[in-house]
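K.L.:
Have a look at this one before I ask anything.
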Amino acid sequence: MSDTEIADIETVPVKRPTRWHIAVFLAPAFLVYTAVMILPLIETLRLSLFNIVEGQLAFVGLSNFKVLFGDPRLSADFWNALRNNVIFFIIHMLVQNPVGIAIAAMLSLPGLRFAAFYRSAIFVPTLLSFVIVGFIWKLILSPIWGIAPSLMDLVGLKWAFAPWLGKAETALIAVSLISVWQYVGIPMMLIYAALLNIPDEVLEAAECDGITGWSQFWKIKLPLILPSIGIVSVLTFVGNFNAFDLVYTVQGALAGPNGSTDILGTLLYRTFFGFQNQMGDRSMGATIAAVMFLIILAGVALYLFVIQRRMRRYQF
Amino acid sequence: MSKARSAPVRAAFIHLALIAYTLVALFPVFLTLVNSFKSRSAIFSQPMALPTPSTFSLIGYQTVLQQGDFVGYFQNSLIVTVASIALVLLFGAMAAFALSEYRFRGNTLMGLYLALGIMIPIRLGTVAILQGMVAAGLVNTLTSLILVYTAQGLPLAIFILSEFMRTVSDDLKSAGRIDGLSEYAIFFRLVLPLVRPAMATVAVFTMIPIWNDLWFPLILAPGESTKTVTLGAQMFIGQFVTNWNAVLSALSLAILPVMVLYVIFSRQLIRGITSGAVK
């Protein structure tokens, strides 16, 4: 699209000269965003319907998706990655968000000392890059260095230590918890902001009725911050189904051991670029990206049109 | 139980819980920084001790500075991040101004279109982005990264900035128009200075994912001369897995700039989040 087309949109029926400045203000953002983000997204979706047939790129309809869902070799990888990704998301919802809410609830109590310090310190991991986070935890959990076993020895739990990242049964949980550790800051901050926005009168009225402490949190505050919990959940969903970096830095592109930490992002990377003796495959890469797009779109749509509509909002 | 007695007990428990979690959050960072200044044997024998004169060593940092071109990586990251933020802020503010100031046909539609990218990650278009960058001859250039990050940052920037621009007083702009200021002058000389706090918030939000990104540098600019710090550290670690001094020093060097920026901007960042800029 070009400038003239934007200008078309704004020719208002009211008789006045074309307001070129609106087009000038909108054009740079519109052009960069469309050219680098929207068109490639559409092109990727389109590519997922094409594949190389007899050396030529040809339209193949949905057969790429059939291969992805049904072909014995590739589909096993895909369903494995999808299942791991769902588990990855569930662990975030069960651990990251409740812990974030709990910390925010404690921080927002009136008159708590050092609240600013706790808040800043707990947010630090969120700022670090995956490379740092992934490698630090790899070292800490490594049996060679022995930080984790010796710390567990302090509390008498040495017997429980295992090289979690190296075992297929526990690796996914370990990686998910590392990601939770890194991202707890986001639910904490958003929920904290929501809790601060609850007017004092509401809480005072509750106190007059004898509702304090725990029951105040469950009966008054929690219903009021539900919209923020909804936003946090959808952000977690989008982030998790788009994740790649942490698994890549901790377990490598193969997402080992034995594919046990493979998620859609790492599968996309391997399929698109190839690894070791497998060739990169652009069409199948685009197909996986298209599936990820549809999953994320479904999640966001579910939130926007079902959950958000039903949620009761309170106006103060 | 009387209220006077239960309150301090409750406060003590809350502090205990928060201190415990703060330790969990900071311990890995502390561990890395402390051990990067120790000799190899001390890293293994007393991993949790602070460096003493007998165990202090800078051998890790020497290896990093000799082997990897970290100064160059740092420079690349800085160029990419600063240029992307500048473009996001300029283009984002201009678009936000158009959307919040003027009523024109398609305004809502344009707003929704530009907001799509808040929820849909740009990463899903990677296959076609790489193809486009190859066609444009931009692979292994910093320009390709700057373009991608600008597109990635724009949706949220436009969303936040247009919320703020709606709060700028109409009287001020009308006064400007009566005085004969052009629309451009109104934007650059009246509105932009007033939304500076919001711009700072947007800058911080935009900066963190750009600085830390591994995906696009890995795919679009993996060449030695265009590596960013994040990618450079990742590659370096891959090569020196067994040289723990070097690895820990490289990690510390990668943490440092983020921490410095956080200390400078943390108030801005937290104020931005808690004032509802991202709701």
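The values are calculated or read from the model by the stated rules, or taken from the named source; none is laboratory data. As the structure is a computational prediction, the values presented were derived from the model and not from experiment. Backbone-built Cβ (ideal geometry, glycine too); neighbour counts: all protein chains shown.
K.L.:
Of all residues being hydrophobic (A, V, I, L, M, F, W, C) and either crowded, with 20+ Cβ neighbours inside 10 Å or in a helix (DSSP H, G or I) (or both) in the range B:95-112, which is farthest from the other protein chains (Cβ to nearest Cβ)? Just the residue, please. First the steps, then the outcome.
P.N.:
So in the range B:95-112, the residues hydrophobic (A, V, I, L, M, F, W, C) come out as B:95-99, B:104, B:109-110, B:112.
Add one more test, that the residue is either crowded, with 20+ Cβ neighbours inside 10 Å or in a helix (DSSP H, G or I) (or both), and what stays is B:95-99, B:109-110, B:112.
Numbers: B:95: 4, B:96: 8, B:97: 6, B:98: 4, B:99: 8, B:109: 8, B:110: 7, B:112: 11 Å.
That would be B:112.
K.L.:
Restricting the search to the range B:30-44, which residues are more than 10 Å from every other protein chain (Cβ to nearest Cβ) and of a type in the set (S, T, N, Q)?
P.N.:
Result: B:36, B:39, B:41.
K.L.:
Here's another thing I want to ask about it. Identify all residues within the range A:112-132 that are of a type in the set (D, E, K, R) and touching an Asp or Glu at 6+ places or on another chain (Cβ under 6 Å); write none if there are none. Before the answer, list the steps.
P.N.:
From the range A:112-132, those of a type in the set (D, E, K, R) are A:113, A:119; that's our starting set.
Residues satisfying the conditions do not exist here.
K.L.:
Which one of the conditions (1) of a type outside the set (Ser, Thr, Tyr); (2) surrounded by fewer than 23 Cβ atoms within 10 Å (Cβ to Cβ); (3) within 20 Å of residue B:234 (Cβ to Cβ) does residue A:134 fail to meet, given that it meets all the rest?
P.N.:
Status for residue A:134: all satisfied but (2).
K.L.:
Taking the options B:189, B:123, name whichever one is within 13 Å of chain A (Cβ to nearest Cβ), basic (Lys, Arg) and either over 28 Å from residue A:299 (Cβ atoms) or buried (at least 18 other Cβ atoms within 10 Å of the Cβ) (or both).
P.N.:
Values: B:189 fails: within 13 Å of chain A (Cβ to nearest Cβ).
Of the residues listed, the single one that is within 13 Å of chain A (Cβ to nearest Cβ), basic (Lys, Arg) and either over 28 Å from residue A:299 (Cβ atoms) or buried (at least 18 other Cβ atoms within 10 Å of the Cβ) (or both) is B:123.
K.L.:
In the list B:80, B:24, B:9, which residue meets the criterion of being under 29 Å from residue B:227 (Cα atoms) and part of a helix (DSSP H, G or I)? Spell out how you get there, then give the answer.
P.N.:
Numbers: B:24 fails: under 29 Å from residue B:227 (Cα atoms); B:9 fails: under 29 Å from residue B:227 (Cα atoms).
It is B:80.
K.L.:
Pairs needed: first member in the range A:123-144, in the same structural domain as residue A:248 (by TED's automatic domain parsing); second member anywhere, charged (D, E, K, R) and buried (at least 20 other Cβ atoms within 10 Å of the Cβ); C-beta distance under 7 Å; at least 6 residues apart or different chains.
P.N.:
Pairs that qualify, where the first residue is in the same structural domain as residue A:248 (by TED's automatic domain parsing) and the partner is charged (D, E, K, R) and buried (at least 20 other Cβ atoms within 10 Å of the Cβ), are A:130/A:245.
K.L.:
Please find, within the range B:126-142, the residue that is farthest from the chain's Cα centre (by Cα) out of those that are more than 8 Å from chain A (Cβ to nearest Cβ) and either closer than 22 Å to residue B:187 by Cα or small (Gly, Ala, Ser) (or both).
P.N.:
Filtering first and then ranking leaves B:135.
K.L.:
Only one of (1) in contact (Cβ under 8 Å) with a residue 40 or more places away in the chain; (2) over 28 Å from residue A:18 (Cβ atoms) fails for residue B:158. Which number is that?
P.N.:
(2)
K.L.:
Could I ask something else about it? Quick check: anything in the range B:128-143 in contact (Cβ under 8 Å) with a residue 24 or more places away in the chain, in the same structural domain as residue B:96 (by TED's automatic domain parsing) and hydroxyl-bearing (Ser, Thr, Tyr)?
P.N.:
Yes.
K.L.:
Residues to consider are A:246, A:226, A:203, A:235; find the one that is out of contact with any helix residue (DSSP H, G or I) (no Cβ under 8 Å at 6 or more places or on another chain), surrounded by 14 or more Cβ atoms within 10 Å (Cβ to Cβ) and part of a helix (DSSP H, G or I).
P.N.:
Working: A:246 fails: out of contact with any helix residue (DSSP H, G or I) (no Cβ under 8 Å at 6 or more places or on another chain); A:203 fails: out of contact with any helix residue (DSSP H, G or I) (no Cβ under 8 Å at 6 or more places or on another chain); A:235 fails: out of contact with any helix residue (DSSP H, G or I) (no Cβ under 8 Å at 6 or more places or on another chain).
After applying the criteria, what remains is A:226.
K.L.:
On to the next question. Under 8 Å between Cβ atoms, which residue pairs at least 6 apart in sequence (or on different chains) link something in the range A:202-214 that is touching a residue at least 40 places away in the same chain (Cβ under 8 Å) with a partner that is assigned to a helix (DSSP H, G or I) and surrounded by 11 or more Cβ atoms within 10 Å (Cβ to Cβ)?
P.N.:
From the range A:202-214, the pairs are A:202/A:220; A:202/A:224.
K.L.:
Name the single residue that is nearest to the other protein chains (Cβ to nearest Cβ) among those in the range B:192-224 being over 25 Å from residue A:248 (Cα atoms) and over 16 Å from the mean Cα position of the chain (by Cα).
P.N.:
Going residue by residue through the range B:192-224, those that are over 25 Å from residue A:248 (Cα atoms) are B:192-204.
Restricting the remaining residues to those that are over 16 Å from the mean Cα position of the chain (by Cα) gives B:192-197.
On the way: B:192: 12, B:193: 17, B:194: 16, B:195: 14, B:196: 18, B:197: 16 Å.
It comes out as B:192.
K.L.:
For a quick check of your reading of the model, give me the residue pairs whose first member lies in the range A:23-45 and is touching a residue at least 60 places away in the same chain (Cβ under 8 Å), whose second is part of a helix (DSSP H, G or I) and crowded, with 17+ Cβ neighbours inside 10 Å, with beta-carbon atoms closer than 6 Å and at least 6 apart or on different chains.
P.N.:
A:41/B:125; A:44/A:286; A:44/A:289; A:44/B:125; A:44/B:127; A:44/B:128; A:45/A:290
K.L.:
Right, residue B:84: out of contact with any Gly (no Cβ under 8 Å at 6 or more places or on another chain), crowded, with 19+ Cβ neighbours inside 10 Å and of a type outside the set (A, V, I, L, M, F, W, C) or not? Outline the logic, then answer.
P.N.:
Working: out of contact with any Gly (no Cβ under 8 Å at 6 or more places or on another chain): no; crowded, with 19+ Cβ neighbours inside 10 Å: yes; of a type outside the set (A, V, I, L, M, F, W, C): yes.
Criteria not met by residue B:84.
K.L.:
Please list, ordered by residue number, the helices (runs of 4 or more DSSP H) wholly in the range A:91-176 having 3 or more residues that are within 8 Å of another protein chain (Cβ to nearest Cβ). Don't jump to the end; show me each part of the working.
P.N.:
On the way: elements: A:97-107, A:115-127, A:130-141, A:147-154.
Because the criterion is at least 3 residues that are within 8 Å of another protein chain (Cβ to nearest Cβ), the helices (runs of 4 or more DSSP H) in the range A:91-176 that meet it are A:97-107, A:115-127, A:130-141.
K.L.:
Also: Please enumerate the residues belonging to the range A:51-68 that are in contact with a Phe, Trp or Tyr (Cβ under 7 Å, 6 or more places away or on another chain) and either in the same structural domain as residue A:267 (by TED's automatic domain parsing) or closer than 15 Å to residue A:267 by Cβ (or both).
P.N.:
Kept after step one, since they are in contact with a Phe, Trp or Tyr (Cβ under 7 Å, 6 or more places away or on another chain), are these residues of the range A:51-68: A:57-60, A:68.
Across the range A:51-68, the qualifying residue is only A:68.
K.L.:
Report whether or not residue A:86 is under 18 Å from the mean Cα position of the chain (by Cα), facing chain B (nearest Cβ under 8 Å) and not aromatic (Phe, Trp, Tyr). Break it down into steps so the answer makes sense when it comes.
P.N.:
Values: under 18 Å from the mean Cα position of the chain (by Cα): yes; facing chain B (nearest Cβ under 8 Å): no; not aromatic (Phe, Trp, Tyr): yes.
Considered against the rule, which asks whether it is under 18 Å from the mean Cα position of the chain (by Cα), facing chain B (nearest Cβ under 8 Å) and not aromatic (Phe, Trp, Tyr), residue A:86 comes out as no.
K.L.:
Any residue that is at pLDDT below 80 and aliphatic (A, V, I, L, M) - is there at least one of those in the range A:10-24? Before the answer, list the steps.
P.N.:
Taking the range A:10-24 as the starting set, the residues that turn out to be at pLDDT below 80 are A:10-18.
Now narrow it down to the ones that are aliphatic (A, V, I, L, M): A:12, A:14.
Checked the range A:10-24: at least one residue is at pLDDT below 80 and aliphatic (A, V, I, L, M).
K.L.:
Something else: Would you confirm whether any residue within the range A:197-214 is touching a Ser or Thr at 6+ places or on another chain (Cβ under 8 Å), of a type in the set (A, V, I, L, M) and within 8 Å of another protein chain (Cβ to nearest Cβ)?
P.N.:
Restricting attention to the range A:197-214, the residues satisfying the condition of being touching a Ser or Thr at 6+ places or on another chain (Cβ under 8 Å) are A:206.
Okay, now just the ones that are also of a type in the set (A, V, I, L, M), so A:206.
When the remaining residues are screened for being within 8 Å of another protein chain (Cβ to nearest Cβ), the result is none.
Within the range A:197-214, none of the residues are touching a Ser or Thr at 6+ places or on another chain (Cβ under 8 Å), of a type in the set (A, V, I, L, M) and within 8 Å of another protein chain (Cβ to nearest Cβ).
K.L.:
Cβ-Cβ distance below 8 Å, separation of 6 or more or different chains: which pairs start in the range B:144-155 with a residue that is more than 7 Å from chain A (Cβ to nearest Cβ) and buried (at least 24 other Cβ atoms within 10 Å of the Cβ) and end on one that is outside any helix (DSSP H, G or I) and not small (Gly, Ala, Ser)?
P.N.:
Correct list of pairs: B:144/B:138; B:145/B:228; B:149/B:213.
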